[in-house]
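Written out below as structure tokens is the structure these notes cover.
What follows is calculated from the coordinates using simple rules that are stated; it is not laboratory data. The structure displayed is predicted, hence computed values, not measured ones. Reconstructed Cβ throughout: ideal geometry from the backbone, glycine too, with neighbour counts over all protein chains shown.
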Amino acid sequence: MASYGVLETVGGVSINDFTVINQAAQLTDRSVDELDKIIERFNKYNQSILVVSLAGKISNIADFQFDKIESDCRLRKAGFQGKQASGAVNFSGAVLFSRCKDKMFATEYSNINNPNIKNYLSDLKTELQNCEDCDRMVELEQEIEDTNQYINSRKVDFSFGFIIDPNSITIQNAFPSQHNTINRLHDKIEIIEGKAYSSGITESDMFRDKHYQVNEKGVLIPRSKPQEDIEAVKKHIEKGRLADANHLNNPQVHYDKKLSEILFLPNADYRQSITAGYIDLASGFENCSKVDINNYLFENSEQIIFFKNKMAEKPLCLIFNNESGGREIAKINFADGILSVVW
């Protein structure tokens, strides 16, 4: 176990804030046990998980409310049951596994990995090399120092979301490459060259849909278990998303197409479908050592604790890129005013 923290406060947060966490932790044994299993399967055996990113949907953690999600869940279930042609009738998730390089939806780069900052620093250095004005040289040196300090800072606006229990949901569609689904009903399925494709909503393309299989008689059959959908999408990604070549190479599509999208609804309420909350330090981030991860935890303690309090009885984990470049999951512990990661 590696840890970072202080006794009275963590990241400016009173140790009293940990009291709520510790009390709720007594109710989390089942979720914690399940998270431990997920971590082992993900890290050791490259088993895939289903995650829902809140980045791009919620501007910041302070706006996150379970009541709003549950309200949306009820409305979307009613819309799906009524075969609603317009409006959202499902939620979106994405498939991740340890060898997956997909960048999650609407996530930012880390300070170190941000190409715009790197280019800005390079421009400053080039200008300094060619500069003959002494005053300007002093300014440039200061700007370079300030930029380097910013790059090396571990303070970030991290993205966050949920790991979803596949046994608690019903999957409607499973796309290895996302398109502009706007969470609408995708019930127009066609067989093209023996494979199942769903028609787009705002886009005219057909999209490979791994929720459906075509049997030897040419009949469409939906997969019976959500984990089967997830593994089928993973396999498709590992093969290079070949069936989605036209979509991936379309110059008119400006969003990141190399991210899967699972459309689903919880079987019960949304909260019961969540195994754990996660913080994403993998999408657009550099490879990290244990020291790097501890620095990130320490510098962002206030945000992390706030999110944990919002998650109440659910455990929290960190998704990051390890030193070998693979995605890895580690559980975050909150106890006695110390923020720690279990390796």
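Between K57 and H254, the contour length at 0.36 nm per residue exceeds the alpha carbon distance by 69.1 nm. Model label sites at K37 and C134, defined 7 Å from Cα along the beta-carbon direction, differ in position by 7.2 nm. Seen from Q84, the other residues with C-beta closer than 12 Å to its C-beta sum to a net charge of +3, counting Lys and Arg as +1 and Asp and Glu as -1. In the chain, the DSSP-assigned H stretches of four residues or longer account for a calculated mean residue ellipticity at 222 nm of -10500 deg cm²/dmol, using -39500 (n - 2.57) per stretch and the full residue count as denominator. Sequentially through segment 101-106, phi angles give Karplus couplings (6.51, -1.76, 1.60; θ = phi - 60°) of 9, 4, 9, 4, 4, 6 Hz, Gly and Pro residues having no value and appearing as x.
With the charge dipole of the chain set up from +1 on Lys and Arg Cβ and -1 on Asp and Glu Cβ about the Cα centre, the Cα lying farthest toward the positive end among the listed residues N43, H236, F64 is that of H236. A simple charge model with +1 on the Cβ of Lys and Arg, -1 on the Cβ of Asp and Glu and nothing else charged puts the dipole of segment 167-238 at about 140 debye relative to its Cα centre.
Let a ≥ b ≥ c be the square roots of the eigenvalues of the Cα gyration tensor of segment 269-343; is it rounded (a/c under 1.5), or, if not, prolate (a/b larger than b/c) or oblate? Verdict is oblate for segment 269-343.
Residues in segment 265-290, backbone N under 19 Å from the label point at K118 (7 Å along the Cα-to-beta-carbon vector): list them, ranges by number please. Under 19 Å, as judged by backbone N against the label point of K118, lie 281-289 of segment 265-290. Rg and Dmax over the alpha-carbon atoms of the chain stand at 22.2, 79 Å. Could you tell me which residue out of N111, A78, Q129 lies farthest along the dipole of segment 63-154 toward its positive end? Charges go on the beta carbon: Lys and Arg +1, Asp and Glu -1, centred on the Cα centre. Of the candidates, A78 comes out farthest on the positive side. Among beta bridges from DSSP that stay inside the chain, the antiparallel ones total about 90%.
For the residue pairs K103/K234; K44/K290; K77/K235, alpha carbon separations beyond 25 Å are given by K77/K235.
The 3J(HN,Hα) values that the Karplus relation (6.51, -1.76, 1.60; θ = phi - 60°) gives for segment 210-221 are, in residue order, 7, 5, 10, 10, 10, 7, 5, 8, x, 9, 6, 10 Hz. Gly and Pro appear as x. Using Cβ point charges alone (K and R +1, D and E -1), the dipole size of the chain about the Cα centre works out to roughly 1860 debye.
Taking the Cα centre of segment 28-132 as reference, the dipole from Cβ charges on Lys and Arg (+1) and Asp and Glu (-1) amounts to some 580 debye.
For N267, the residues 5 or more places off, or on other chains, whose built amide H falls under 5 Å of its own are I169, T170.
For N173, the residues 5 or more places off, or on other chains, whose built amide H falls under 5 Å of its own are L263. Subtracting the Cα-Cα distance of E302 and R271 from their residue separation scaled by 0.36 nm leaves 8.8 nm.
Each residue of segment 305-317 was assigned a 3J(HN,Hα) from its phi angle through the Karplus expression (A = 6.51, B = -1.76, C = 1.60, θ = phi - 60°), giving 5, 4, 5, 4, 4, 5, 6, 6, 7, 8, x, 10, 9 Hz with x at Gly and Pro.
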